[in-house]
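Peer 1: Below you'll find the structure I mean.
The values are calculated or read from the model by the stated rules, or taken from the named source; none is laboratory data. All of these numbers come straight from a predicted model, not from anything done at the bench. So basically every Cβ, Gly included, is an ideal-geometry build from the backbone, and we count neighbours across all protein chains shown.
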Amino acid sequence: MLEIKNLVKSYGRYLAVNNLSLEIPEGEIYGFVGPNGAGKTTTMKIICGLLAATSGEVRLDGVDVTRNSNKIKESIGYMPDFFGVYDDLKVTEYLEFYASIYKIKDKEKKKITNDLLELVDLTQKRDAYVDSLSRGMKQRLCLARALIHNPKLLVLDEPASGLDPRARIEMKEILRNLREMGKTILISSHILSELAELCTHIGIIDSGRMVVSGSVSEIMQKVYSHRVLRIKVSARVDEAELILKENPLISKLSRMEDALQAGFEGSEEDMSRLLAALVGKGIPVVTFSQLDGNLEDVFMRVTKGEEKQ
Ligand SMILES: Nc1ncnc2c1ncn2[C@@H]1O[C@H](COP(=O)(O)OP(=O)(O)O)[C@@H](O)[C@H]1O
Ligand SMILES: [Mg+2]
């Protein structure tokens, strides 16, 4: 649905986006992760036609975004990373105001506003002043605004930043609903774990470059050549320990009662060979497992988190 090829954006001599490519199939939630200054906002603004690229291609359903930015805006809902000041607007007035920008008819305006307030769980706040809302509520209102013209692609720039844990969970729930409604979603964050359970795909960007991308499990596999194994035996733990010690792929072996834990620099095939070696020598292996990798570790390993000074 969305296809970005060799995207470059320079601010003067500074390269904010450096030959970035990514693809988002229809109906997916793509997590765009990177430290502050990585180029996430710049990329998102280019996708939405708010900023001109220096070079490269952005296509939405095959249509070039840069050349058809008005048409594209009908298909994209953008939620920026800041929320403006709306001193004397009430929640419904705010949404109806944006509805009129999209030239939605009066009759429809009311219905759309009501439906969207229901969706983002703000019906009870419909007559409250926007500025009186909590941060979480403001973010949800902002999301409702991005949805007002029923776009098929949502581009959400750090929608969970600054939210407390409860508000984050509520936001996640709404995004899941949106996906079920058939929306395609691009969402950014500088915290990988925030996106890991929500997204179907993840792309990690650092200093304007895509460092790694793919499904969550693919990313884990690509970056996680170093695994941690935990092996539990019902007897002969000393012999098991010896076998592990002799294996060149094993490092940092430690023993806890009847379980052994070790670092392992090998593929899944290497893992199965190790298990076969243990069982082949008659070691009664009870469990042989790989400890869950911490996605945050992966993130730290692949990004340097450099910011322009
Ligand atoms: N208008 C601008 N002029 C010059 N540099 C900019 C401008 N906007 C962003 N940058 C720089 O481009 C880099 C990427 O910024 P941005 O896309 O906002 O990153 P992110 O959203 O990942 O934090 C940063 O180093 C930032 O300082
Ligand atoms: Mg940003």
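Peer 1: Can you pull out every residue in segment 22-57 that is away from ligand 1 (no atom under 15 Å from the Cβ) and part of a loop (DSSP other than H, G, I, E, B)?
Peer 2: Selection gives PRO25, GLU26, GLY27, GLU28, GLY49.
Rundown of residues vs (1) among the hydroxyl-bearing types (Ser, Thr, Tyr); (2) within 16 Å of ligand 1 (Cβ to nearest atom); (3) assigned by TED's automatic domain parsing to the domain that holds VAL8, yes/no style:
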residue	(1), (2), (3)
VAL155	no, yes, yes
ARG166	no, no, yes
MET171	no, no, yes
ALA196	no, no, yes
SER234	yes, no, no
ALA240	no, no, no
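Peer 1: In segment 122-140, which residues are surrounded by fewer than 14 Cβ atoms within 10 Å (Cβ to Cβ) and out of contact with any Leu (no Cβ under 7 Å at 6 or more places or on another chain)?
Peer 2: GLN124, ASP127, ASP131, SER132, SER134
Peer 1: Hey, another quick one. Quick one: what pairs do we get from segment 230-247, first residue over 13 Å from PRO284 (Cβ atoms), second polar (S, T, N, Q), C-beta under 6 Å, 6+ apart or different chains?
Peer 2: ARG230/GLN261; ARG230/SER289
Each row is one residue, and each column tells you yes or no for (1) hydrophobic (A, V, I, L, M, F, W, C); (2) farther than 26 Å from TYR30 by Cα.
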position	(1), (2)
TYR86	no, yes
LEU89	yes, yes
ALA99	yes, yes
LYS110	no, yes
LEU141	yes, no
ARG145	no, no
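Peer 1: Examine segment 85-108 for a residue that is within 26 Å of GLY49 (Cα to Cα), of a type in the set (Gly, Ala, Ser) and without any contact (Cβ under 8 Å) to a residue 40 or more places away in the chain, and state whether such a residue exists.
Peer 2: Yes, some residue in segment 85-108 is within 26 Å of GLY49 (Cα to Cα), of a type in the set (Gly, Ala, Ser) and without any contact (Cβ under 8 Å) to a residue 40 or more places away in the chain.
Peer 1: Quick check, is ILE72 farther than 24 Å from VAL216 by Cα, in a helix (DSSP H, G or I) and either more than 16 Å from ligand 2 (Cβ to nearest atom) or in contact with a His (Cβ under 8 Å, 6 or more places away or on another chain) (or both)?
Peer 2: Answer is yes for this residue.
Peer 1: Let me ask something additional. Only one of these is crowded, with 17+ Cβ neighbours inside 10 Å, closer than 30 Å to SER217 by Cα and more than 16 Å from ligand 2 (Cβ to nearest atom): LEU20, LEU95, LEU2. Name it.
Peer 2: After ruling out the rest, the residue left standing is LEU2.
Peer 1: Of the residues HIS149, HIS201, only one is away from ligand 1 (no atom under 16 Å from the Cβ) and buried (at least 20 other Cβ atoms within 10 Å of the Cβ); which?
Peer 2: HIS201
Peer 1: So in segment 52-69, with the set limited to residues that are within 22 Å of the chain's Cα centre (by Cα) and surrounded by 15 or more Cβ atoms within 10 Å (Cβ to Cβ), which one is nearest to ligand 2 (Cβ to nearest atom)?
Peer 2: VAL58
Peer 1: Quick test of your reading of the structure: ILE104 fulfils all but one of (1) of a type outside the set (Gly, Ala, Ser); (2) part of a loop (DSSP other than H, G, I, E, B); (3) away from ligand 2 (no atom under 16 Å from the Cβ); (4) surrounded by fewer than 18 Cβ atoms within 10 Å (Cβ to Cβ). Name the failing condition by number.
Peer 2: (4)
Peer 1: Would you be able to tell me the number of residues in segment 207-225 that are modelled with pLDDT of 75 or more and either polar (S, T, N, Q) or at negative phi (or both)?
Peer 2: Qualifying residue count for the region: 11.
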